[in-house]
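What follows is a short report on a single structure.
Taken together, the values in this text are just the output of simple stated rules run on the coordinates, not laboratory data. Bear in mind that the values here come from a model prediction, so they are computed numbers and not experimental data. Cβ placement follows ideal geometry from the backbone for every residue including glycine, while neighbour counts extend to all protein chains displayed.
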Amino acid sequence: MSSHMDEDYRDDPDHDEAAIETLASAITERDAKAQLRKLIATRRVAVRAIHLPFAAQQDLEDALDEAWCGAVELRNAGLPQPAVPILADSFSGKSSGARNYVKKVMGSLDAGPGTIPVVYAKLDTDGTVGSLAADILRGCGEKRPNSLSGEKRWDRARQAIRKRGVCLLILDEFQRAGRRPTISPVIAGKLLDIVDDGDCACAFLGKTTAEDVFASCPDLKNRLDSPVKMPRLRWITDSAEFMAFAEGFDQALVDADIIDLKSGLGDADTAQLLLEASNGLIGQFSRIIETAVIAITREGQRVITRQDLSDAVDDWAIANGRIGYNPFTQAREERSADKELDGAENAEPVNDEGEG
């Protein structure tokens with residue numbers, strides 16, 4: 001009788017060595033992809049968590065600070081509260097600056113139980129009194145913010161502001177309050193009541209189209225403080241500031257263990273191209289760098305090269321219609337043309353006989 005060692009397993013799928021090897025390889029590849037996805041996600045979070053205030057963001061924080069610090073005194077005196085407009089282009093850093101400010105303030109205060117001195121609320125796209133009330137209730141940490149009718153919900157939001165001891169209400173994406181032209185004057189009027197009745201200071205963050213909301217309610221427009229301006233950075237006037245910002249961002253990437261060595265983001269030549277590629281907007285700069293970080297992560301690299309930055313401009317800025325050309329490619333072509341011109345100018349003249 002033959003032993004089981006002599007059995008022929010060639011037709012037994014449980015003993016198909018080639019299939020087993022293929023399955024093991026597939027599992028290994030799947031695990032590797034899962035690890036890569038996790039690493040990309042981790043690095044994306046790390047890049048987006050980098051916060052380096054620049055001059056305009058510092059102006060924003062100062063204005064918010066001044067508004068909320070005097071709110072209690074104005075309320076006790078029965079006087080109107082500040083209303084600070086902060087309107088600028090997308091990616092100018094206003095939202096990230098405001099969120100970071102709230103996080104910093106709330107982390108440093110010894111606030112009483114149930115109190116929220118500074119509330120950040122992002123307006124819903126619905127653009128109604130009820131949706132704005134729900135946004136405020138949500139920011140105040142109230143349960144079931146969407147319950148009740150729009151008007152009753154607004155009354156509840158006013159009560160929550162007082163109950164929570166809110167000193168500063170930051171309303172982001174404020175241009176959405178103008179989505180419905182027939183309703184925006186009503187919204188503006190109700191916010192005017194918050195300011196005039198001394199409930200809390202208000203800061204209105206949004207795109208410049210939010211000016212239409214203020215125009216719909218002249219009384220609210222008359223209450224506005226000096227606007228906080230967050231213009232696009234320009235190389236001719238802001239080069240030193242931007243190079244310092246880019247240098248700090250570069251170091252933050254090293255500190256976050258994303259790259260081993262700084263990539264020269266703050267070097268004059270590279271910084272100028274990055275500022276041009278990002279249209280002078282800090283938020284676009286961050287997205288270009290994030291795109292480069294994801295690319296080198298996929299490739300298993302620990303350094304960001306100039307080519308990586310150029311590719312990131314193609315992959316994010318140009319692909320998303322933020323800019324119509326690549327400054328890095330343009331600069332490379334110009335350098336090549338200059339070299340060819342230098343070579344032609346330095347060549348020895350050729351005599352009539354064709355000899356040098």
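Summary of values
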| item | result |
| --- | --- |
| Selection from Ile294, Gly283, Leu273 lying farthest towards where the dipole of the range 249-294 points positive, charges on Cβ | Gly283 |
| Tilt relative to the chain, helix 17-48 - C-alpha long axis, 0 to 90 degrees, to 10 | 40 |
| Alpha carbon convex hull of the range 58-127, volume per residue in cubic angstrom | 132 |
| Euclidean distance between Cα centres, the range 252-322 to the range 77-94, Å | 31 |
| Computed over the range 135-194, the ratio Rg/Rh where both radii use C-alpha atoms and Rh is Kirkwood | 0.95 |
| q = 0.08, 0.10 Å⁻¹, the chain: log10 I(q)/I(0) [Debye, one scatterer per Cα] | -0.57, -0.77 |
| Rounded to the nearest 20 debye, dipole of the chain from Cβ charges on Lys, Arg, Asp, Glu | 3240 |
| With Cα atoms, 0 to 90° folded angle of helix 235-255 axis to the chain main axis | 70 |
| Residues of type lysines that Lys104 reaches as a straight line, Cα spacing below 16 Å, ignoring anything fewer than 8 places off in the same chain | Lys94 |
| Linear extension gain, Lys104 paired with Lys221, 0.36 nm per residue minus alpha-carbon span | 39.2 nm |
| Cα pair count fraction exceeding 17 Å, expressed as % - the range 27-78 | 65 |
| Dipole magnitude of the range 45-103, debye to nearest 20 (Cβ charges: Lys/Arg +1, Asp/Glu -1, about Cα centre) | 320 |
| Alpha carbon Rg of the range 186-277, scaled by the compact-globule rule 2.2 N^0.38 Å | 1.67 |
| Evaluated over the range 210-330, the Cα radius of gyration and Dmax, each in Å | 17.7, 58 |
| Relative packing of peptides 167-173, 126-132 - highest average C-beta neighbours within 10 Å first | 167-173, 126-132 |
| Options Ala63, Leu123, Pro113, ranked by Cα towards positive dipole end of the chain, top entry (Cβ charges) | Pro113 |
